[in-house]
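Comments concern the structure below.
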Number of protein chains: 2
Amino acid sequence: MPVDQLVDCDIHNELTPGALHPYLPPRWRAYHETYGGRGDGGAGYPKGAPRAARADAWPPSGLPPGADLEFLREQHLDPYGVRYGVLNCLTTACREQNPGYAAALCRAVNEWQVAEWLEKEPRLRAGIVVPYEDAALAAAEIDRAAAHPGFVQVLLLVRTDEPLGRRRYRPIFEAAVRNGLPVGIHFGGGRGRNPLTASGWPSFYVEDHTAMAQAFQAQVVSLVVEGVFEELPELRVVLIEGGFGWLPSLMWRMDKHWKRLADEVPHLTRPPSAYVREHFWVTTQPVEEPPDPRHLLAVFDNMGGTDRIMFSTDYPHWDFDDPRRALRLKLPPEARAQIFGGNAMALYGLS
Amino acid sequence: MPVDQLVDCDIHNELTPGALHPYLPPRWRAYHETYGGRGDGGAGYPKGAPRAARADAWPPSGLPPGADLEFLREQHLDPYGVRYGVLNCLTTACREQNPGYAAALCRAVNEWQVAEWLEKEPRLRAGIVVPYEDAALAAAEIDRAAAHPGFVQVLLLVRTDEPLGRRRYRPIFEAAVRNGLPVGIHFGGGRGRNPLTASGWPSFYVEDHTAMAQAFQAQVVSLVVEGVFEELPELRVVLIEGGFGWLPSLMWRMDKHWKRLADEVPHLTRPPSAYVREHFWVTTQPVEEPPDPRHLLAVFDNMGGTDRIMFSTDYPHWDFDDPRRALRLKLPPEARAQIFGGNAMALYGLS
């Protein structure tokens, strides 16, 4: 229907990659290339480290970092003499909005882990990926997958829809205990529902990465205060990639509040710190590094020793901790042996 | 219009106070009486401590705790020999949704503080209450109120709509510096927009109270990472009722991330911990109390000394720290004098 003066009220012009390059000042051009947008919810990885990977972790096969078992052996397991490595497969499968789809994806991920990794490499173990926002489906997947001896823990991500101590998640922890598995809680997760801080979304990736430690703190508090460990005294929880320098003062603070507010939580029979000391393990990367390494020894001391600290590298990610250079402080040989192997062997039943 | 069979589809039956009492099992009856509902957003005060007050802080005058200057003198200033006391008036005025109303309320609060408190009692100083979600209005109130010498800081609450380093809040910090005042950030705030944790709302008040420390952590990170102290090198910030046991490991973590991600924040010319050490002060209550008091000395050591630590009681609130019993650890006399007075005198320009 031709008219004299046509008006189209919706036409889209599209930016091509690099189109803005000449129009950005150098500082923000670099930012655009290296960090880029972090989405509505922040907390993504810098664009300049695609797949959050070390630049040298891209295998010659053309597969993405961490996707090539042979290269993993060559670059990581062999040269560092890794006796056992625990795979924590990071995938959005665990938090898809459609629970049935999430469960199907997670089961597929776990079957793929068995076929392509655990059956092919005796040094590897893995965490069971579960659709954790639907605890019943997650528990069913734990009961199914745990039959394979290569699975040594249940894997959750730290940013959940609600704090993990709340009852809706209890079937996950029950299933873990029923199958003799610890529950690992890893850096990451979230699906835009909750901002990363109590004051909303921060501006910078440095903030996202720092704030994740506070997400871990909230989960520790929730699991302890809700009485999960009273209900499930055999439950063991591993905090992965969340640091632990904050753990001592968190225990002090919880104990202080509990002394005065114990009547709110009569289901707790012991000070909160007692549950932390008994039920939590932590991995090292990214270990907080005080200017004076002795201050880290004070943290260990406050945690009641080194028997709950387990070394990790975060391979192949950009913030990898090199086993030869991590934890450069004076530790008794037994403590070093515990941290770099013994504690994990004991927790995960490796030998 | 009478009909044969009238149906009213909306009638309300109302619970009277105590109506549920006989129907609740003892544990939840006690909970109902002492803690009660915490609203959609959690983080309120326990019902069993009305107005969050010490039971003995209700003045014989019938006024609420903290409302009776004469009783404040008798119960607190005189017996403890308080030389100066800084009033931090907690009111929802600062976060009313209507910015004009909020500004009018805050101005009224400040005028009331001058007339009823500062002019009547030479030992008292106060924080300027501001409508901080509208920074332009807040800055105007700072410029107006700062003329009175009794105001020694600007008072914000820690749970803001966005992290305080974001540019929308910058006029507040500029106004504080312009008027030579530190900015105090106090426990509390929030208006239901952001959950208290990165995984949503916790179940228990113990959790709310513990999680507030994480809200403080996020604000420290935001103020440092956004470069507020590069723009305003004279800005001084006081963290009030947020604890500080978490501060050392937060500095370690920020420095570690900054080393690797410095190109994201080229506006920072120094390690994040350097800004913290230079620009932040903390108050003691509720001081985290490690089982071994020497561990608190390690925290002081990690903070670079005791020159930024200022004693506080939180009078008349339920979790009051008694000056005669707080900080029972071996401190050099100079450090004790700093913490219990000298640091505040220097910061607030008291003599």
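The values are calculated or read from the model by the stated rules, or taken from the named source; none is laboratory data. It should be emphasised that the depicted structure is a prediction, and the values quoted were computed from it without experimental measurement. Please note: Cβ atoms are built from the backbone with ideal geometry, for glycine as well, and neighbour counts cover all protein chains shown.
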Practice task
Name the single residue, out of those in region B:175-213 being among the charged types (D, E, K, R) and out of contact with any Asp or Glu (no Cβ under 8 Å at 6 or more places or on another chain), that is nearest to B:A344 (Cα to Cα).
Solution key: B:D208
Practice task
Considering each residue of region A:153-182, count those that are within 16 Å of the chain's Cα centre (by Cα) and more than 11 Å from chain B (Cβ to nearest Cβ), and give that number.
Solution key: 4
Handout entry: Sole exception among (1) closer than 30 Å to B:E288 by Cβ; (2) aliphatic (A, V, I, L, M); (3) away from chain A (no Cβ under 14 Å) for B:L137, by number
Key = (1)
Exercise for the section: Answer with yes or no whether B:E278 is acidic (D, E) and either buried (at least 19 other Cβ atoms within 10 Å of the Cβ) or at pLDDT below 90 (or both). Expected result: no
Exercise for the section: Go through region A:118-148 and give me each residue that's in a helix (DSSP H, G or I) and either closer than 14 Å to A:L90 by Cβ or of a type in the set (G, A, S) (or both). Expected result: A:A135, A:A136, A:A138, A:A139, A:A140, A:A145
Practice task
May I ask you to verify whether A:G349 is out of contact with any strand residue (DSSP E or B) (no Cβ under 9 Å at 6 or more places or on another chain) and on the phi > 0 side of the Ramachandran plot?
Solution key: no
Handout entry: Selection within region B:164-183 - more than 15 Å from B:F229 (Cα to Cα) and either in contact with a Lys or Arg (Cβ under 9 Å, 6 or more places away or on another chain) or outside any helix (DSSP H, G or I) (or both)
Key = B:N179
Practice task
Using the structure shown, decide if A:T313 is surrounded by 21 or more Cβ atoms within 10 Å (Cβ to Cβ) and either in contact with a helix residue (DSSP H, G or I) (Cβ under 6 Å, 6 or more places away or on another chain) or within 30 Å of A:A67 (Cβ to Cβ) (or both).
Solution key: no
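Every residue, every condition in (1) at pLDDT below 95; (2) under 28 Å from A:S222 (Cα atoms); (3) of a type in the set (D, E), yes or no:
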| residue | (1), (2), (3) |
| --- | --- |
| B:R144 | no, no, no |
| B:A147 | no, no, no |
| B:T160 | no, yes, no |
| B:I172 | no, no, no |
| B:G189 | yes, yes, no |
| B:V206 | yes, yes, no |
Problem - Every pair of residues 6+ apart whose Cβ atoms lie under 9 Å, when the first sits in region B:336-351 and is of a type in the set (A, V, I, L, M) while the second is part of a loop (DSSP other than H, G, I, E, B) and surrounded by fewer than 16 Cβ atoms within 10 Å (Cβ to Cβ) - result: B:A344/B:L350; B:M345/B:R83; B:M345/B:S351; B:L350/B:R83
Fill in the blank from the handout: Cβ pairs under 7 Å, 6+ apart or interchain, first in region A:308-320 and farther than 16 Å from A:L239 by Cβ, second of a type in the set (V, I, T) and surrounded by fewer than 22 Cβ atoms within 10 Å (Cβ to Cβ), ordered by first then second residue, are A:F320/A:T313
Exercise for the section: Examine region A:220-231 for a residue that is among the hydrophobic types (A, V, I, L, M, F, W, C) and at the interface with chain B (Cβ under 7 Å from one of its Cβ atoms), and state whether such a residue exists. Expected result: yes
Problem - Criterion violated by A:W246 - all others in (1) more than 22 Å from A:I185 (Cα to Cα); (2) touching a Ser or Thr at 6+ places or on another chain (Cβ under 8 Å) satisfied - result: (1)
Exercise for the section: Mind listing just one residue for me: the one in region B:183-215 that is at the interface with chain A (Cβ under 9 Å from one of its Cβ atoms) and among the aromatic types (F, W, Y) and, of those, farthest from B:Q97 (Cα to Cα)? Expected result: B:F204
Exercise for the section: Residue by residue through region A:232-250, note down the ones that are buried (at least 23 other Cβ atoms within 10 Å of the Cβ) and away from chain B (no Cβ under 14 Å). Expected result: A:V237, A:V238, A:I240
Practice task
Please specify each residue of region A:139-154 satisfying the condition of being touching a residue at least 24 places away in the same chain (Cβ under 8 Å) and in contact with a Leu (Cβ under 9 Å, 6 or more places away or on another chain).
Solution key: A:I142, A:A146, A:H148, A:G150, A:F151, A:V152, A:Q153, A:V154
Problem - Residue selected from region B:44-82 under the condition small (G, A, S) and within 30 Å of B:W201 (Cβ to Cβ), by the criterion modelled with the lowest pLDDT - result: B:G44
Practice task
Search region B:55-75 for residues being within 21 Å of the chain's Cα centre (by Cα) and crowded, with 18+ Cβ neighbours inside 10 Å, and hand back the single one that is farthest from B:Y35 (Cα to Cα).
Solution key: B:L72
Practice task
Go through region A:257-351 and tell me which helices (runs of 4 or more DSSP H), entirely inside it, have 1 or more residues that are under 24 Å from B:E207 (Cα atoms) and within 14 Å of another protein chain (Cβ to nearest Cβ).
Solution key: A:272-279, A:294-302
Handout entry: Check on A:G41, surrounded by fewer than 18 Cβ atoms within 10 Å (Cβ to Cβ) and either within 13 Å of chain B (Cβ to nearest Cβ) or of a type in the set (A, V, I, L, M) (or both)
Key = yes
Practice task
May I ask you to verify whether A:R253 is in a helix (DSSP H, G or I) and either charged (D, E, K, R) or facing chain B (nearest Cβ under 10 Å) (or both)?
Solution key: yes
Exercise for the section: Go through B:L24, B:L87 for me and flag whichever is without any contact (Cβ under 8 Å) to a residue 24 or more places away in the chain and surrounded by 11 or more Cβ atoms within 10 Å (Cβ to Cβ). Expected result: B:L24
